[in-house]
Structure formats: structure tokens, C-alpha cells
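Asker: First the structure, which I've put down as C-alpha cells, then a few questions once you've had a look.
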Amino acid sequence: MATKSKLRWTNTIRDSYLERVMEFPLVTIQSDAHLKEAQQAIDALLAEGTLDRGEELYLDTLSDLVVTYEDEHHSIPPASDATMLRHLMDTKEATQAEVSREAGISKSTISEILAGKRPFSRRVVRKLAAYFGVEVEVLTANI
């Protein structure tokens, strides 16, 4: 016996969802031109402001289709450790000396990471995450 969906499809939800599907069908994105059309559909929906539940469901699904296509065809490689550290320092307007002193990491280690001569270690990642107030996962893309 099939289990019932947890989503309660009221007439309003169904009607607004199906109306959006009729405007721009929910199918796998096939090309960059199709991606552009999907992005325009998303932008137009977001520009409307408050969405009802059916429109939100449609937007979520269309967004997932866009992300899937972009991940496969336009993926962005993770930033290098040097780039990530430089970005965090710039954002916080911190100098190498400040990061070294306040995070408890030697100046030479900071310098070598920024020069691309040394990758993050797990110990350095924990200290940098605490100092910059970011999740450890932000810094572990290359570990």
C-alpha cells in the first residue's frame, strides 16, 4: 500500500504550482540557453515578492534543477588555502602579525600559507576557524 505524501495538496497549492509548470516546465536543464531561461523564470518569480506554497515548491524544484546543471557544467573549484586566508584577512582587515598573535599560529606558517608554499593543517584550520569565526568546513575544502 502506498504511503500518503506529507505535503497536503490543497487546490490553491496545486493550481499555483501547475500554473508555474505550464509557464516554464520542470525538466532537466539541457543547455546554457535553457539555463538562462530557467534563471530568468526564477528572477521573475522572486521579483513578485510573497509567494504562496505552490509557488515556493515550484521555485525550490526549479532552483534544484539549475544547481544540478551548474554543478555539472559550470563548477567552481575550491579556493586555494592562500586565497581563502587572504580573503578572510581582507574581510576582517587583519594583518599577518594580528592573525599570528591572536590565532596562536607562527608568523612563518602564516607567511608560507599566503605564499602558497604550505597547505592548511588540521591544527591551523581549527585555530583560523576560531579566530575568524567561521565553520571549520569553510577552510577544509583542500584537506
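Asker: Once you place label points 7 Å from the Cα toward the Cβ at Thr50 and Val134, how far apart are they in nm?
Answerer: Once both label points are built, they end up 3.7 nm from each other.
Asker: Per q in 0.26 1/Å, what log10 I(q)/I(0) does a Debye calculation on the alpha-carbon atoms of region 11-73 return?
Answerer: Calculated log10 I(q)/I(0) at the listed q: -1.12.
Asker: Right, another one. How far, in nm, would the chain grow between Glu70 and Leu18 when pulled straight, counting 0.36 nm per residue and subtracting the alpha carbon separation?
Answerer: That works out to 16.2 nm of additional length.
Asker: Starting from region 3-54, pick out the trypsin sites (Lys or Arg not before Pro) whose DSSP state is loop and whose Cβ has at most 16 other Cβ atoms within 10 Å.
Answerer: Here the trypsin sites (Lys or Arg not before Pro) that fit, given the DSSP loop and packing criteria, are Lys4, Lys6, Arg8.
Asker: With N residues in the chain, what two-decimal value do you get for its Cα radius of gyration over 2.2 N^0.38 Å?
Answerer: 1.56
Asker: Tell me, how many Å apart are the Cα centres for region 59-120 and for region 124-143?
Answerer: Their Cα centres are 9 Å away from one another.
Values in this text are rule-based calculations from the coordinates and carry no lab data. Note that the structure is a prediction, hence the values are computed from the model and not measured. Don't worry about glycine lacking a Cβ; one is built from the backbone with ideal geometry, like all the others, and counts go over all protein chains shown.
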